[in-house]
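What follows is a set of notes on a single structure, which appears directly below.
The values are calculated or read from the model by the stated rules, or taken from the named source; none is laboratory data. Everything quoted here is computed from the prediction, not taken from an experiment. Counting neighbours? That spans all protein chains shown, and the Cβs are built from the backbone with ideal geometry, glycine included.
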Amino acid sequence: MFGIGLWEIVVIFLAIIIFINPKDLPGFFFKVGKGFKQLRDINKTIMHELNEVGREIKYPASEKIGETKMGIKMPPGEFPKEIDRKEK
C-alpha cells in the first residue's frame, strides 16, 4: 500500500497518539477523512474536465453532428431511441 510497510504505519499511528490528545483523536480522524473526500472530489472533477477536453480534441465540434436513419442531422446524445417495429 503506497510502498509503506506495516512498521511504518505503526510508527505513524504511535506518533499521532503521542502528539494528539486521545480525546481529540475522533475529531482529528474525522477531519482527515473529510480532507481525503475533498481530494477525491477534486480528482473526479479534474479527470472529468480532462476527459471532456480529450473528447473535444478527438471529435471537433464540426464533426459532432451525426445523421439519423431519416437523414435528420442531430448532435450525438440526442439520437432518437430505436423503435421496436416487430409485429406481434
> Which members of the range 3-20 meet the condition of being assigned to a loop (DSSP other than H, G, I, E, B) and within 21 Å of residue 31 (Cα to Cα)?
Replying inline: 20
> Are there any pairs, at least 6 apart or on different chains, whose C-beta atoms fall under 7 Å, with the first in the range 8-34 and among the aliphatic types (A, V, I, L, M) and the second surrounded by 11 or more Cβ atoms within 10 Å (Cβ to Cβ), and if so, which?
Replying inline: 20/28
> So, in the range 54-88, of the ones that are part of a helix (DSSP H, G or I) and surrounded by 10 or more Cβ atoms within 10 Å (Cβ to Cβ), which residue ends up modelled with the highest pLDDT?
Replying inline: 54
> Within the range 18-42, which residues are among the β-branched types (Val, Ile, Thr) and surrounded by fewer than 10 Cβ atoms within 10 Å (Cβ to Cβ)?
Replying inline: 18
>> With of a type in the set (A, V, I, L, M) and at pLDDT 90 or above as the only criterion, which of 25, 39, 6 stands out?
In response: 39
